[in-house]
1. Could you sort the peptides 45-56, 76-87 by per-residue average Cβ neighbour count (10 Å cutoff), highest mean leading?
2. Using a 10 Å cut-off around each Cβ, can you sort 69, 102 from fewest to most neighbouring Cβ atoms?
3. Expressed in nm to one decimal, what extension gain is obtained for the pair residue 71 and residue 210 from 0.36 nm per residue of sequence separation less their Cα-Cα distance?
4. Can you give the helix-only mean residue ellipticity at 222 nm for the chain, where every DSSP H stretch with n ≥ 4 adds -39500 (n - 2.57) and the sum goes over all residues, rounded to the nearest 500 deg cm²/dmol?
5. Please build a GNM for the chain, connecting alpha carbons under 10 Å apart, and tell me which residue among 174, 15, 144 fluctuates the most.
6. To make sure I understand, if each residue's beta carbon is the centre and we count other beta carbons within 10 Å, what order do 2, 185 fall in, fewest to most?
7. Using Cα pairs under 8 angstrom and six or more residues apart, how large is the relative contact order of segment 119-226, in percent?
8. Mean shadow of segment 4-119, computed from the convex hull of its alpha carbons, in nm²?
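What follows is calculated from the coordinates using simple rules that are stated; it is not laboratory data. Predicted model, so just to flag it, every value in this text is computed and none were measured. Because the Cβ atoms are built from the backbone with ideal geometry, glycine has one as well, and the counts that use them run over all protein chains shown.
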């Protein structure tokens, strides 16, 4: 295992994250065949964990069949996702995918912000432009995230997470270079931006009224991005 956090002064939450990451990797190597590489991502890598954070583990395999096993993996405080090399090369998800995931091209684009914990670094794969990414993400908000949230199948905290990706792309299209940090993105967008509000609400209990107002503001924000 590649312990990229060795130089960190770990917080109690990060110490727990390390344990979860090590356990998650053991699960992967025990149950998933044809593993090419394993990456850590999410709030642990950004060093922005809160009490409800899990550790994101991305498993890259050489075949699609192994990814069906990845989709069924489960371990406390670990979120498993992944792609087969075939999906990364084509830039398209396989038809068997049953849950929401970032697209292969977006995964590849943000891969430099993830940290390799097992295997060899991946090579280059096709990516979309930031404009194409933003248009695609706006569409996903309208066709999946918001309808699923309205039906109770997508949490408010999950909506908040996706807002940071919108703000990240918005900043890039304005010629700025936001670091891989939700807090930094919130600061760069300004106190009146929806990303700043998302940062304040992240990891906290929100009343139904606050949620309703946020979703209404989000819909207006999406209209302004088009």
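1. 76-87, 45-56
2. Exposure proxy ranking, most exposed first: 69, 102.
3. Extra length available between residue 71 and residue 210 comes to 46.7 nm.
4. Calculated mean residue ellipticity at 222 nm is -14500 deg cm²/dmol.
5. Result: 174 has the largest fluctuation of those listed.
6. With the sparsest Cβ surroundings first, the list reads 2, 185.
7. About 23 percent, as a whole number.
8. Value for segment 4-119: 6.9 nm².
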